[in-house]
Amino acid sequence: MSTLAGAGRRRKNTRLGWNLLGILVFVTAGFPLYWMLNTAFKPAKDAIDADPSLLPTGITFDNFGRALDIADFWGPVGRSMVVSLAVVVIGMVVGLLAALAISRFAFRGRKIVIVGILAVQMVPLVAMIIPVFLLLNDLGQYDRLTGLIITYLTFILPFTVWTLRGFIVNIPKELEEAAMVDGCSRTGAFLRVVFPLLAPGMVATSVYGFIQAWNEYLYALMLLSQKNQTATVWLGNFTTKHGTEYAPMMAGATMMAVPIVALFLLVQRKMAAGLTAGAVKG
């Protein structure tokens, strides 16, 4: 009995330790978000206080009005939305076809393609900015949203292909073969069998691609002029020669975070439902 009681206490202590670790990770990851919201809603003078308070000292919406007045807001947000959605749609179509070819078909140079996809992801983005700038300038795509979309695809598409390949590989080929035996064509077997099981992976990959394109700053700053700036570059308007207006900047960052939060809330249930419905038992 003492042995069983000791084992029970150890399991309880282990569970408590993991719970405390989870709480610590949650607090560490969530504190920047809390501080952004706290600064966005506090009076501007309190945002630059040398001894800031962790708790809200007052709630005001003046910072949001200031953020909307300091520069055009809806233009940059609209351009960021267009770029992000275009990157997601094009990336998913091209990435899905490429991942399907790599996963299901044997062809010469297949391993080289896979290694090349991994190698592209290892190159720092800042190392490519000058070649990308020169290439887009020669193609007449500098200061155009299409040029920015093409640029984003260069580093989001490899991740999309690699991620979707992992999902496709985990779907047994026997399911497609069984559907083809029942009379489906290869395309029909993919659409009726593989595609529903692949939906959770596609949703997760799309969310990642959207977040990457939405939050990207460096290329948007270097490849677009001020009249075509995106939402992340728009936040730079709060830093002037007189200093940084932290409260309006945090209000602008809060408004920028709304589409990402809304997208996650929209797809999280579908992701969970898809993962459950798409489970394959061996």
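The values are calculated or read from the model by the stated rules, or taken from the named source; none is laboratory data. Model, not experiment: these values are computed from the prediction. Reconstructed Cβ throughout: ideal geometry from the backbone, glycine too, with neighbour counts over all protein chains shown.
Structure above, values below:
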{"quantity": "Count - residues of the range 207-248 that are without any contact (Cβ under 8 Å) to a residue 40 or more places away in the chain and either over 20 Å from MET128 (Cα atoms) or of a type in the set (Asp, Glu) (or both)", "calculated": "10"}
{"quantity": "LEU85 vs. criteria within 21 Å of the chain's Cα centre (by Cα), modelled with pLDDT of 90 or more and at negative phi", "calculated": "yes"}
{"quantity": "Subset of the range 217-249 (residues that are closer than 16 Å to VAL82 by Cα, β-branched (Val, Ile, Thr) and outside any helix (DSSP H, G or I))", "calculated": "THR230"}
{"quantity": "Verdict on ALA213 being among the aliphatic types (A, V, I, L, M) and within 30 Å of ALA179 (Cα to Cα)", "calculated": "no"}
{"quantity": "Some residue of the range 41-58 being β-branched (Val, Ile, Thr), at negative phi and more than 30 Å from the chain's Cα centre (by Cα)", "calculated": "yes"}
